[in-house]
């Protein structure tokens, strides 16, 4: 018999994706055989650009279209010119060129039948889609949100990406599809966010938990793909491979996929039950400040986790023999986390009393020696509760506050003991001081 505490067997709850998105759409129309902006179009674009300037983390997608008059090649050229003139309007309005993507479809995506002059007028258009990130959780984190790295590829080419922090993404050609499940044509834009440092994870309002169970992470990333303003997904039965940006990670790390509901992200293991676990029983743990050890009988049946190989030789040739634990198959776009469930035999709860709580407040418990960041179980007035914490771990309990434009910060280092109650007092800091304090957690 083996005793292992607080390991979750396939009861990993699912929530939807961090950084919920808001999308605004607009359409302008053009005169026959023209790509000049009409007065009405300019007036509409003025309002659209002004709105875009007031949003955070925006992404602008512009798609040009024509009616069916004329040759197909000419119409494709004309639709491109229409998309470009709208792009130039956004650039003149102060929108960064890196935030704008254009596409053009000629006469191939009509709104109406082209059988009447009115129908053709509606088809001579440019469609604008502006996606902005809505902050998940307290507004504090919008001040520190990372800008994604962006990469562009033709849809019919294998995709190979290397991120600034070492992440490698490999996607076979023609593996990305639209909402209708059909392959896309033209260019695909991939965006990548990397979170390998504790400070980055905290400032992104992330944590390393699945429900109330603790995970130890080796890093998190977010991958998104778009084409012509449409969000893409992996085609059924298609895979991508993702390589962790660190030089090495423990062999027993598995892939967890992250989703979010009401600002709360959770991590669910890809494929369900962890691959190093067989059958078992999870012992429910209550919170009373003095929790006894919990045990679980597990049949450890580590399955082989050999990645299936792609037939794409030009991608496969890049595979290195020393990255088998880092390079993993991933079944969908979105949030990806290299994790293992934390093993321990003695647990307890912890209470935080924060007397001077601010209108926006976020608290995390950060392990000093492990890559573990714990979110609270709940807050009632000035008392914040943590559950299922391993006794004996050295940690930093930290809270960030925001009142108007003023940031606040408090932290305390200690070793977890049974039934602890900790008091913190928030003190004013500026953004540089906050980032410096959080950076010390990375050391």
Identify the residue in segment 203-229 that is touching a helix residue (DSSP H, G or I) at 6+ places or on another chain (Cβ under 7 Å) and surrounded by 22 or more Cβ atoms within 10 Å (Cβ to Cβ) and, among all such residues, is modelled with the lowest pLDDT.
205
Would you check if residue 191 is assigned to a strand (DSSP E or B) and either free of Cβ contacts under 8 Å to residues at least 24 places away in the same chain or surrounded by fewer than 22 Cβ atoms within 10 Å (Cβ to Cβ) (or both)?
yes
Going through segment 359-386 one residue at a time, which ones are farther than 19 Å from residue 198 by Cα and surrounded by fewer than 19 Cβ atoms within 10 Å (Cβ to Cβ)?
359, 360, 377, 378, 379, 380, 381, 382, 383, 385
Condition test on residue 108, is it surrounded by fewer than 19 Cβ atoms within 10 Å (Cβ to Cβ), closer than 12 Å to residue 123 by Cβ and either more than 25 Å from the chain's Cα centre (by Cα) or modelled with pLDDT under 90 (or both)?
yes
Say whether the condition of being in a loop (DSSP other than H, G, I, E, B), modelled with pLDDT of 85 or more, out of contact with any strand residue (DSSP E or B) (no Cβ under 6 Å at 6 or more places or on another chain) and crowded, with 16+ Cβ neighbours inside 10 Å is met by at least one residue in segment 160-173.
yes
With the condition being at pLDDT 90 or above, in contact with a strand residue (DSSP E or B) (Cβ under 8 Å, 6 or more places away or on another chain) and under 30 Å from residue 224 (Cα atoms), I'd like the strands (runs of 3 or more DSSP E) fully within segment 335-443 carrying at least 1 qualifying residues.
360-367, 394-403
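To keep it simple, each residue is scored yes or no on (1) at pLDDT 85 or above; (2) touching a strand residue (DSSP E or B) at 6+ places or on another chain (Cβ under 9 Å).
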| position | (1), (2) |
| --- | --- |
| 244 | yes, yes |
| 247 | yes, no |
| 255 | yes, yes |
| 263 | no, no |
| 276 | no, yes |
| 282 | no, yes |
| 289 | no, yes |
| 297 | no, yes |
| 302 | no, no |
Taking the condition in contact with a helix residue (DSSP H, G or I) (Cβ under 8 Å, 6 or more places away or on another chain) and closer than 30 Å to residue 344 by Cβ, does residue 195 pass?
yes
Out of 441, 424, 407, 434, which single residue is under 23 Å from residue 382 (Cα atoms) and touching a helix residue (DSSP H, G or I) at 6+ places or on another chain (Cβ under 6 Å)?
407
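So that you can scan it fast, the table gives a plain yes or no per residue for (1) at negative phi; (2) at pLDDT 90 or above; (3) crowded, with 20+ Cβ neighbours inside 10 Å; (4) in contact with a helix residue (DSSP H, G or I) (Cβ under 6 Å, 6 or more places away or on another chain):
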| site | (1), (2), (3), (4) |
| --- | --- |
| 4 | yes, no, no, no |
| 21 | yes, no, no, no |
| 27 | yes, yes, no, no |
| 42 | yes, yes, no, no |
| 50 | yes, no, no, no |
| 55 | yes, no, no, no |
| 66 | yes, yes, yes, yes |
Which residue is farthest from residue 35 (Cα to Cα), if the candidates are limited to segment 112-147 and must be buried (at least 20 other Cβ atoms within 10 Å of the Cβ) and modelled with pLDDT of 85 or more?
130
Looking only at residues that are within 24 Å of residue 151 (Cβ to Cβ) and either touching a helix residue (DSSP H, G or I) at 6+ places or on another chain (Cβ under 7 Å) or in a loop (DSSP other than H, G, I, E, B) (or both) in segment 87-102, which one is modelled with the highest pLDDT?
90
Filter pass, residue 55 being free of Cβ contacts under 8 Å to residues at least 60 places away in the same chain and not in a strand (DSSP E or B):
no
When residue 245 is evaluated against the numbered criteria (1) in a loop (DSSP other than H, G, I, E, B); (2) surrounded by 16 or more Cβ atoms within 10 Å (Cβ to Cβ); (3) free of Cβ contacts under 8 Å to residues at least 40 places away in the same chain, which criterion, by number, is the only one it fails?
(3)
Just give me the residues in segment 387-417 being more than 19 Å from residue 356 (Cα to Cα) and surrounded by 22 or more Cβ atoms within 10 Å (Cβ to Cβ), in sequence order.
388, 389, 395
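The values are calculated or read from the model by the stated rules, or taken from the named source; none is laboratory data. Since we're looking at a predicted model, the values are computed, not measured. Please note: Cβ atoms are built from the backbone with ideal geometry, for glycine as well, and neighbour counts cover all protein chains shown.
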